[in-house]
Amino acid sequence: MSPYARADSNRALFDISTSILPYVALMAAMLMLAQVSYLVVLVLAVPTAGFLTRTFLVMHDCAHGSFLPSRRANNWLGVTVGLITLQAFHCWRYDHVRHHASGGDLASDGTGDVDILVVDEFRALSPWRRLGYRLRHHPLVVFGIGAFWANIIKPRIVTPSNPRRLRWVTLATDLALAVMLTGLCWLAGWRAVLLVILPTYWLASGFGVWLIWVQHRFEGALWQRSPDWDWETAALAGSSHFRLPGILRFFSLNIGLHHVHHLNPRIPNYNLSRANDENEFLRSVPTVSIREGIKAIRLSLYDLERGRMVSFAEAARAVPSPSPATATE
């Protein structure tokens, strides 16, 4: 995969000109139209959220050091785009690297992702904890409150367990965002800013969470527990090729080729398709259609016996595994 892990400044500039620039232009138009027709603002929020998602994924590539040839340029662009997407770039990168280091590992703590339990672990929980798990995985929570919390509120909070430098990064980012938003409110009015930002960022957050959910929680996804877990198997059997229509591939910067990305995170988005097309072994990975991606929303538990993701209803119908004591009897 190393031949594809080469940054191209011209391709990167094209991505910037088709993500950040149209996003900023559309946001400016929405702020001006907020006092004229809020219906038009809501209609424009859909493509604007798409460009915001594309902008976020530019930051994602910067976090992997794959977007531009220079490490310093990746860092500076990542910090700048982080302010646009309301993220503390270095903190987000810290969590995302941990996600890559343990994706598909049932023993991981769920950092950078939604936690997952196997069926027997879920059954062993107390009723209140089962209810809490169900609520955290309910689609209205995951793609509504949860998406808003994970992408807008949580990044504002200083995490005590983070290294000291990252705690200062969070505070500095919050201060910079406060200054930026104050200036925006002064120019356009706080009501207009609120009415424009809320639907746009909520739509983009929900779309982003769905992409991540589907690409690691599709029905046939392989999850293992350390020490059986390994990087290559997790990438090729635990990450999907999410076959999105052209417009969604554009807005998601080819992140649907998630198996290629997890196999080598240093491959920039603009080389993912070529890497997949030119290597036969990459085309044998699990593929997920839009319809299967929508169905995957209900899959919240992993069934070790069947080796696949299942819904709460499927888990309830399954026969519980016998305990060691029962098996001995």
**Asked** For the chain, what proportion of DSSP beta bridges, expressed in % and rounded to the nearest 5, is antiparallel?
**Response** 50
**Prompt:** What is the set of long-range amide H partners of residue 118 at a cut-off below 5 Å, with H atoms built 1.01 Å from backbone N?
**Reply:** 302
**Accessible carbon and sulfur surface of the stretch 1-141 relative to its total accessible area, %, 1.4 Å** = 65
**Message:** Nothing charged except the Cβ atoms of Lys and Arg (+1) and of Asp and Glu (-1): what's the magnitude of the dipole of the chain about its Cα centre? Round to the nearest 20 debye.
**Reply:** 780
**Complete:** the chain accessible area per residue, 1.4 Å probe, protein heavy atoms, integer Å², reads 51
**Message:** Using only DSSP helix segments of four residues or longer, with each worth -39500 (n - 2.57), what per-residue ellipticity at 222 nm results for the chain after dividing by its residue count and rounding to 500?
**Reply:** -18000 deg cm²/dmol
**Request:** Take each uninterrupted DSSP H stretch in the chain, measure its Cα extent along the helix axis, and return the ones at 24 Å or beyond whose mean Kyte-Doolittle hydropathy is at least -1.0.
**Result:** 38-63, 164-188, 190-217
**Message:** With a 1.4 Å probe and all protein chains kept in place, how do 32, 59 rank by accessible area, largest first?
**Reply:** 32, 59
**Rg/Rh (Cα only; Kirkwood hydrodynamic radius) as it applies to the stretch 151-310** = 1.06
**Prompt:** When only Cα pairs under 8 Å and 6 or more residues apart are kept, what is the percent relative contact order across the chain?
**Reply:** 23
**Complete:** The orientation-averaged projected area of the Cα convex hull of the stretch 1-114, in nm², is 8.8
**Request:** Give me the number: length gained by fully extending residue 153 to residue 11, i.e. 0.36 nm times residue separation minus the C-alpha to C-alpha distance, one decimal in nm.
**Result:** 47.9 nm
**Complete:** With 0.36 nm assigned to each residue of separation and the Cα-Cα distance removed, residue 266 to residue 70 gains 69.3 nm
**C-alpha center-to-center spacing [the stretch 170-238, the stretch 1-51] in angstrom** = 16
**Request:** Just the number, please: carbon plus sulfur as a percent of the accessible area of the stretch 156-257, 1.4 Å probe, no ligands or DNA/RNA counted.
**Result:** 70
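The values are calculated or read from the model by the stated rules, or taken from the named source; none is laboratory data. Note that the coordinates shown come from a computational prediction; the quantities given were computed from them, not determined experimentally. Neighbour counts are summed over all protein chains in view; Cβ atoms, including those assigned to glycine, are modelled from backbone coordinates with ideal geometry. For the accessible areas, the whole protein counts, side chains as well, though only heavy atoms, and no ligand, DNA or RNA atoms are used. Shrake-Rupley method; radii C 1.70, N 1.55, O 1.52, S 1.80 Å.
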